[in-house]
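Here is the structure we will look at.
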Amino acid sequence: MRSAASAPGKVILFGEHAVVYGKPAVAVAINRRTTVTLEDSGEMRIDIPSLGISFTGESGTPAGGILDYIMRALELYHDGSPLRVRVDMEVPAGSGLGSSAALTVALIGALDAYHGREAGPDDTASRAHRVELDVQGAASPLDTAVSTYGGLIYLAPDRTVRRLSADLRDSLVISSTHRSGNTAEMVASVRERYERLPEVMSMIMDATEMITRTACRFILENNLEPLGELMNINHGLLDAMGVSTPELSMMVHEARAAGAAGAKITGAGGGGSIVAFCPGTAGSVAEALGRKWNTLRAEFSSEGVLHL
Ligand code: MEV
């Protein structure tokens, strides 16, 4: 028996971290995917060639990083029979581009096919969110929703997913720091600041919500021009939450100097990536950032989880 599924990575355009506090967010799936292939095997085995991971049951129980998501999904949604799990990642781990969500959603898709289960996207997204919650301790349903549904989505405060459409072709440049970010640690550090300074942090979350709602309104009106400025303001608030680093700030400023309409951290921060909105200037912004950092011109992808 063999089954396989893939799911896309994502960039958050507005609202990361605030989304953990019930605020809305806007995110888009990108054309970088993670593929999980499952095969019957005489032993439990997990291979992730891009990370140099080759794990067998005899190596002991793995701890930390991406393997935690695999082990938890297998505990919840597999019957324990030995399997070979192969993960091919185009979404680098710790890059802030939704690597854990893409992996979890693809694995759940592959497990459903393996067990002959029919599952709709709402069910897939909610089971993947459960895995992220169990592993990270705190997680919004945003990343797993984007990896499941694909496209450009608005996650509302009541946690419903609204599909948006916007012409983002040739407009998004993503650049990654030399340091990977740890989502669980960054979410915990924001919580810690929130507990120390609740009045200040709740205002920052409310302001982030206003930015996200305003951005959503402009997208619905098909007016993308103000998005860059809104991204810049959102970046300022992420800095105020404590999730920027000198390198991330430098990248954001270089992107703007090279012609981006706006640029901000995307994802949890503390390392990871920035996203720049560059209608008409993506080439020059990618070139400027690409001199120092790993940079890609990400394309919007309308495809969510796919059974292969
Ligand atoms: C991470 O990609 C996004 C965060 O908002 C965490 C979450 O939504 O679970 C930082």
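What follows draws every value from the coordinates through simple rules; no lab data is involved. What you see is a predicted model, and the numbers here were worked out from it, not measured in a lab. Every residue, glycine as well, gets a Cβ built from its backbone with ideal geometry; the counts of neighbours run over all protein chains shown.
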Give me Rg/Rg_expected for segment 146-186, where Rg uses Cα atoms only and Rg_expected = 2.2 N^0.38 Å with N residues.
1.57
Along principal axes, Cα extents of segment 120-221, largest first, whole Å
40, 35, 30
For segment 111-210, state which trypsin sites (Lys or Arg not before Pro) are in a DSSP loop and have at most 13 other beta carbons lying within 10 Å of their beta carbon.
R117, R169, R179
Dipole moment magnitude, nearest 20 debye, segment 2-165 about Cα centre, only Lys, Arg, Asp, Glu C-beta charged
520 debye
Express the C-alpha Rg of segment 172-297 as a ratio against the empirical globular expectation 2.2 N^0.38 Å, rounded to two decimals.
1.06
Can you list the aspartates and glutamates whose alpha carbon sits under 13 Å from that of K10, skipping same-chain ones fewer than 8 residues off?
E90, D143, E299, E303
For a protection proxy built on the mean count of beta-carbon atoms within 10 angstrom, sort 215-224, 14-23 highest first, please.
14-23, 215-224
Taking Cα centroids, how far is segment 88-111 from segment 1-49 in Å?
3 Å
Rounded to the nearest 20 debye, dipole of segment 87-210 from Cβ charges on Lys, Arg, Asp, Glu
60 debye
Of the residues A93, F55, A255, the Cα lying farthest along the dipole of the chain towards its positive end, which is defined by charges on the beta carbon of Lys, Arg, Asp and Glu, belongs to A255
Report, in deg cm²/dmol and to the nearest 500, the calculated mean residue ellipticity at 222 nm for the chain, where each DSSP H run with n ≥ 4 adds -39500 (n - 2.57) and the sum is divided by the residue count.
-13000 deg cm²/dmol
Charge dipole (the chain, unit charges on Cβ, about Cα centre) - positive-most of V20, M1, S175:
S175
Mean-position separation - Cα centroids, segment 115-156 and segment 163-219, in angstrom
18 Å
Say we join alpha carbon atoms closer than 10 Å with springs in a Gaussian network model of the chain; which of V200, V87, V252 then has the biggest fluctuation?
V200
Where in segment 33-112 are there GluC sites (Glu not before Pro) that are in a DSSP coil and have at most 12 other Cβ atoms within 10 angstrom of their Cβ?
E43
Work through the residues other than S175 whose Cβ is under 12 Å from its Cβ and net out their charges, Lys, Arg +1 and Asp, Glu -1.
+1
D (µm²/s, integer) via Stokes-Einstein for the chain, Kirkwood Rh across alpha-carbon pairs, 37 °C, 0.692 mPa s: value 170 µm²/s
Taking the alpha-carbon distance from K292 and a cut-off under 22 Å, which lysines remain once sequence neighbours fewer than 8 residues away in the same chain are dropped?
K264
